Amino acid sequence: DTQHTGAVSSKSIRYYYQLAGGFLWFGTALTVGLVAYTLMASTDLWLAAWVSPKNTRSVNYRATIYILLSLSQSICVMSLSAINAIATNRASRNLHHHSVERLLHATSTWYERTPSGRILSRFSGDLSMVDKLFAYVLDDTFQ
(Lines give C-alpha, C1' and ligand atoms only; values in the text may rest on other atoms or scores of the structure.)
Protein backbone atom coordinates (compact mmCIF):
# COMPACT_ATOMS: atom_id res chain seq x y z
CA ASP A 1 0.00 0.00 0.00
CA THR A 2 1.56 3.27 -1.11
CA GLN A 3 0.70 6.70 0.09
CA HIS A 4 -0.19 9.23 -2.58
CA THR A 5 0.42 12.93 -2.12
CA GLY A 6 -0.25 15.92 -4.32
CA ALA A 7 -3.18 16.75 -6.60
CA VAL A 8 -6.35 14.70 -6.93
CA SER A 9 -6.25 12.60 -10.06
CA SER A 10 -8.74 13.19 -12.85
CA LYS A 11 -9.83 9.56 -12.50
CA SER A 12 -10.87 10.23 -8.89
CA ILE A 13 -12.75 13.37 -9.87
CA ARG A 14 -14.57 11.54 -12.68
CA TYR A 15 -15.49 8.75 -10.24
CA TYR A 16 -16.88 11.26 -7.71
CA TYR A 17 -18.74 13.06 -10.53
CA GLN A 18 -20.43 9.78 -11.52
CA LEU A 19 -21.32 9.01 -7.90
CA ALA A 20 -22.82 12.48 -7.49
CA GLY A 21 -25.23 11.95 -10.37
CA GLY A 22 -23.17 12.51 -13.48
CA PHE A 23 -24.50 14.60 -16.32
CA LEU A 24 -28.03 14.83 -14.91
CA TRP A 25 -26.78 16.48 -11.70
CA PHE A 26 -24.27 18.69 -13.51
CA GLY A 27 -26.76 19.81 -16.15
CA THR A 28 -29.42 20.60 -13.56
CA ALA A 29 -26.99 22.51 -11.35
CA LEU A 30 -25.59 24.42 -14.31
CA THR A 31 -29.07 25.38 -15.53
CA VAL A 32 -30.25 26.52 -12.09
CA GLY A 33 -27.00 28.45 -11.63
CA LEU A 34 -27.40 30.22 -14.97
CA VAL A 35 -31.00 31.12 -14.15
CA ALA A 36 -29.98 32.40 -10.70
CA TYR A 37 -27.28 34.67 -12.06
CA THR A 38 -29.44 35.84 -14.94
CA LEU A 39 -32.02 36.85 -12.34
CA MET A 40 -29.29 38.63 -10.36
CA ALA A 41 -28.28 40.63 -13.45
CA SER A 42 -31.93 41.37 -14.19
CA THR A 43 -32.45 42.61 -10.65
CA ASP A 44 -29.46 44.94 -10.99
CA LEU A 45 -30.71 46.24 -14.35
CA TRP A 46 -34.20 46.73 -12.95
CA LEU A 47 -32.82 48.70 -10.02
CA ALA A 48 -30.72 50.84 -12.39
CA ALA A 49 -33.81 51.55 -14.52
CA TRP A 50 -35.78 52.42 -11.38
CA VAL A 51 -33.41 55.23 -10.41
CA SER A 52 -33.17 56.49 -14.00
CA PRO A 53 -34.54 59.98 -14.70
CA LYS A 54 -36.66 58.44 -17.48
CA ASN A 55 -38.61 56.38 -14.93
CA THR A 56 -42.34 56.78 -15.59
CA ARG A 57 -43.63 53.74 -13.72
CA SER A 58 -45.19 53.91 -10.27
CA VAL A 59 -43.12 53.09 -7.21
CA ASN A 60 -45.45 50.19 -6.30
CA TYR A 61 -45.00 48.60 -9.74
CA ARG A 62 -41.20 48.97 -9.63
CA ALA A 63 -41.02 47.67 -6.05
CA THR A 64 -43.22 44.68 -6.85
CA ILE A 65 -41.08 43.65 -9.82
CA TYR A 66 -37.88 44.21 -7.81
CA ILE A 67 -39.17 42.05 -4.94
CA LEU A 68 -40.25 39.28 -7.34
CA LEU A 69 -36.86 39.28 -9.09
CA SER A 70 -35.01 39.27 -5.76
CA LEU A 71 -37.12 36.44 -4.32
CA SER A 72 -36.73 34.41 -7.52
CA GLN A 73 -32.98 34.86 -7.41
CA SER A 74 -32.86 33.83 -3.75
CA ILE A 75 -34.93 30.73 -4.43
CA CYS A 76 -32.68 29.75 -7.33
CA VAL A 77 -29.48 30.23 -5.29
CA MET A 78 -30.92 28.18 -2.41
CA SER A 79 -32.07 25.52 -4.89
CA LEU A 80 -28.58 25.39 -6.37
CA SER A 81 -27.09 24.86 -2.92
CA ALA A 82 -29.68 22.16 -2.19
CA ILE A 83 -28.98 20.39 -5.50
CA ASN A 84 -25.25 20.39 -4.75
CA ALA A 85 -25.82 19.23 -1.16
CA ILE A 86 -27.99 16.35 -2.36
CA ALA A 87 -25.42 15.38 -5.00
CA THR A 88 -22.48 15.46 -2.59
CA ASN A 89 -24.46 13.47 0.00
CA ARG A 90 -25.31 10.89 -2.67
CA ALA A 91 -21.67 10.72 -3.75
CA SER A 92 -20.47 10.41 -0.14
CA ARG A 93 -22.96 7.66 0.64
CA ASN A 94 -21.95 5.73 -2.49
CA LEU A 95 -18.25 6.31 -1.84
CA HIS A 96 -18.56 5.00 1.72
CA HIS A 97 -20.57 2.02 0.52
CA HIS A 98 -18.02 1.13 -2.17
CA SER A 99 -15.15 1.59 0.29
CA VAL A 100 -16.72 -0.72 2.87
CA GLU A 101 -17.53 -3.25 0.16
CA ARG A 102 -13.90 -3.28 -1.04
CA LEU A 103 -12.65 -3.48 2.52
CA LEU A 104 -14.86 -6.45 3.29
CA HIS A 105 -13.64 -8.24 0.17
CA ALA A 106 -9.96 -7.58 0.82
CA THR A 107 -7.67 -10.57 1.19
CA SER A 108 -6.39 -11.64 4.57
CA THR A 109 -2.81 -10.91 3.48
CA TRP A 110 -3.80 -7.29 2.88
CA TYR A 111 -5.12 -7.09 6.45
CA GLU A 112 -1.90 -8.62 7.77
CA ARG A 113 0.19 -6.17 5.78
CA THR A 114 -1.85 -2.99 6.45
CA PRO A 115 -1.82 -1.47 9.94
CA SER A 116 -5.28 -1.17 11.46
CA GLY A 117 -4.61 2.49 12.26
CA ARG A 118 -4.17 3.26 8.58
CA ILE A 119 -7.47 1.57 7.76
CA LEU A 120 -9.26 3.55 10.46
CA SER A 121 -7.58 6.74 9.32
CA ARG A 122 -8.93 6.28 5.80
CA PHE A 123 -12.48 5.93 7.04
CA SER A 124 -12.43 8.56 9.74
CA GLY A 125 -10.12 11.25 8.39
CA ASP A 126 -9.73 10.90 4.65
CA LEU A 127 -13.35 10.16 3.76
CA SER A 128 -14.54 12.86 6.13
CA MET A 129 -12.25 15.35 4.41
CA VAL A 130 -13.56 14.31 0.99
CA ASP A 131 -17.15 14.67 2.20
CA LYS A 132 -16.60 18.20 3.49
CA LEU A 133 -14.10 19.45 0.95
CA PHE A 134 -15.99 18.40 -2.17
CA ALA A 135 -19.26 19.83 -0.83
CA TYR A 136 -17.64 23.24 -0.28
CA VAL A 137 -15.70 23.20 -3.53
CA LEU A 138 -18.75 22.26 -5.60
CA ASP A 139 -20.95 24.86 -3.96
CA ASP A 140 -18.30 27.56 -4.37
CA THR A 141 -17.65 26.57 -7.98
CA PHE A 142 -21.27 26.89 -8.97
CA GLN A 143 -21.75 30.12 -7.07
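A few notes on this one:
- The apolar share of the surface of the stretch 10-142, taken as the fraction of accessible area on carbon and sulfur atoms (1.4 Å probe, ligands and nucleic acids excluded), comes to 67 percent.
- Each stretch of four or more DSSP H residues adds -39500 (n - 2.57); spread over every residue of the chain, this sum gives -27000 deg cm²/dmol at 222 nm.
- Taking amide H as placed 1.01 Å from N in the peptide plane, Gly21 has no amide H partner under 5 Å among residues 5 or more places away or on another chain.
- Electrostatic dipole magnitude of the stretch 10-142 [Cβ: Lys, Arg +1; Asp, Glu -1; Cα centre; debye, to 20]: 120 debye
- Exposed trypsin sites (Lys or Arg not before Pro) absent - longest run of the chain, DSSP non-H/G/I/E/B, at most 13 other C-beta within 10 Å: 58-143
- Between Asn94 and Thr141, the simple spin-label model (points 7 angstrom out along Cα→Cβ) gives 1.5 nm.
- Cα gyration tensor shape for the stretch 30-140, rounded if a/c is under 1.5, else prolate or oblate: prolate
- Extension reserve of the Ser124-Ser108 stretch, reckoned as 0.36 nm per residue once the Cα distance is removed: 3.6 nm
- Of the DSSP H helices in the chain, those whose Cα atoms cover at least 24 Å axially and whose Kyte score averages -0.5 or more: 22-50, 59-104
- Subtracting the Cα-Cα distance of Arg14 and Leu71 from their residue separation scaled by 0.36 nm leaves 17.1 nm.
The values are calculated or read from the model by the stated rules, or taken from the named source; none is laboratory data. None of these values were measured; they are calculated from a predicted model. No Cβ is skipped: glycine too gets one built from the backbone with ideal geometry, and neighbour counts run over all protein chains shown. We work out accessible area using only protein heavy atoms, side chains counted, and drop any ligands, DNA or RNA first. Shrake-Rupley method; radii C 1.70, N 1.55, O 1.52, S 1.80 Å.
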